[in-house]
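Data first, discussion second: the structure below is written as structure tokens.
Since every read-out is calculated from the coordinates, none of them should be taken as a lab result. Quantities reported herein were computed from a predicted structural model and do not represent experimental measurements. Every residue, glycine among them, receives a Cβ derived from its backbone with ideal geometry; neighbour counts consider all protein chains shown.
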Amino acid sequence: MSSLQSAEKRYITDAWQQAQKSYPLKSPIDGTVIAEVADCGPQEAIEAAAAGWRAFEGWKGTTAFERSEILMAWHDLITGHAEELAKTMTLEMGKPIKEARTEISYAAGFVKWYAEEAKRVYGDVFPSHLPQKRLMAIKQPVGPVFAITPWNFPAAMVTRKAGPALAAGCSFILKPAEQTPLSALYLADLWRQAGGPEGTLQVLPTRDPVPLSDTLLADPQIRKLTFTGSTEVGRLLYKKASETVKKISLELGGHAPFLIFDDADLDLAVREVVACKYRNAGQTCVCTNRIYVHSSVLEAFTDRYIRATEALRVGDPLRDDTDIGPLVDEQGLTKVQQHIQDAVAKGASLKTGGRSLEGLYFEPTVLTDITSEMKIMQEETFGPVAPIIAFDDEAEVIGKANDTQYGLAAYLYTNDLSRAFRVSEALEYGIVGVNDGVPAVPYAPFGGVKQSGLGREGGPWGIEEYLEIKYLSMTMPR
Ligand code: SIN
């Protein structure tokens, strides 16, 4: 099966179901329709919740060793289909094929990690003050999970959630982003091929997320919500999930500062900022949005950074040598244009780029002479635009870096070990990359503080989000 063949269907219980309605899926590469995708609504959500509950009743009773084997088989199938999955992803959201391949390996990494981690869900035995008592804390799966995933990582954000949920013994209902249902459907098909029981992983694509999501959020059978997306939508979901007091994980927006100190190796710093800023055409929650450079190295850094930006190849994402593909949709493109217009109108200097190319393609752009009133300094741009700001003093730049509602990722570049620790500890962020522009790996904790989210994904921390603790207090008969 290829993902495109499955596109006219939705995934539910043990079979591909034909949906009542469908919508055309357009590729951002050139606007052509690449699939007709199921458009699920409240009725499908009700059926999915019931199927998810039935599946949970069986799945929670399997051993961690059985779940681990199925997850490992899923991992092997994902890596075996890596090229087709990568191509599907590039077609549906425009990520350059070389980055799509990296994402598939990242996505498979979560599945492998949680195949192993399933067997390490330990409890505790702890002392009592009464001699006849024995006390224990055991961990159990939280129940059916509702997951909402974004378009910018159509595979890795699915496995970063489904991997630990399934390993813990939860069933999993997924609403993928409207723009990227094909990768999710493909992954679900591979899950079934791996031996995943019916109803354990369901995918419900929709063009109109609210009615479907509202149905699942109101359903008490759904015990957990996990969401990756904007802070704005996260707040709404948080409120709705509170009605049935669901366990919740939110991975929300960011506005990542990148601090380059005067002792930094500038060539390396330029490479790291380019990798961080232009990854996925600037469309990740952890892409830097503000590049603070010490004024003594400002000119040298900016010159090299502009040259590195101009060397990037923008174009067809299916080509192996493309660095920057199209933006995902018109809305994304408009936001990038507006941020640049607003900055230039308020006095920013456009150093390179700044133009829309054909379709959804946009030139990577560097701006200087930035001030804090500019939109680009407050909102996530989610595009290939790099604002560079000078600073003179460590305390001043830490203050500026922290002066935001967001707290997902921050970066600093320095060769001074004391400063590396001091600044990392002072930054109010969930992730700090020290001389590292792309720190995320499947076995590390990913998540934000402040309005960037709740909870952590990845590593041993990630599976805890899908577990409940049960206290067993036992009195021994005399
Ligand atoms: C994200 O943008 O939310 C994910 C980025 C990553 O996992 O590196």
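Taking the DSSP beta bridges with both ends in the chain, the antiparallel portion is around 45 percent. Rg/Rh for the range 67-217 (Cα atoms only, Rh after Kirkwood) is 1.09. Among 245-254, 467-476, sorting by the average number of other beta carbon atoms lying within 10 angstrom of each residue, highest first, gives 245-254, 467-476.
Cross-link pairs exceeding 30 Å in C-alpha to C-alpha distance, out of K112/K277; K21/K112; K119/K224; K119/K240; K239/K470, comprise K21/K112; K119/K240. Against the chain, whose longest principal axis comes from its Cα atoms, helix 97-117 is set at around 40 degrees. Along its first, second and third principal axes, ordered by size, the range 413-478 spans 65, 23, 23 Å in Cα coordinates.
When you work out D = kT/(6 pi eta Rh) for the range 305-405 at 20 °C and 1.002 mPa s, using the Kirkwood radius from C-alpha pairs as Rh and the Stokes-Einstein form, the result is 147 µm²/s. Working ranking of peptides 322-330, 411-419, 110-118 by packing, defined as the average number of other Cβ atoms within 10 Å per residue, highest first, is 110-118, 322-330, 411-419. Look at the Cα gyration tensor of the chain: its axes a ≥ b ≥ c give a/c of at least 1.5 with a/b at or below b/c, and that counts as oblate. Per-residue 3J(HN,Hα) values for the range 331-337, derived from phi via the Karplus relation 6.51 cos²θ - 1.76 cosθ + 1.60 with θ = phi - 60°, read 4, x, 5, 4, 5, 4, 4 Hz in sequence order (x marks Gly and Pro). Highest mean packing comes first when the peptides 446-452, 351-357 are listed by Cβ atoms within 10 Å, giving 446-452, 351-357.
For the range 256-441, averaging the sequence separation of C-alpha pairs within contact (under 8 Å, six or more residues apart) and dividing by the residue count gives a relative contact order of 28 percent. The calculated pair-distance distribution of the range 256-441 uses every alpha carbon pair, bins of 5 angstrom beginning at 0, and gives 1, 8, 18, 22, 22, 15, 8, 4, 1, 0 percent.
Separation of the range 43-93 from the range 123-140 is 35 Å, based on Cα centroids.
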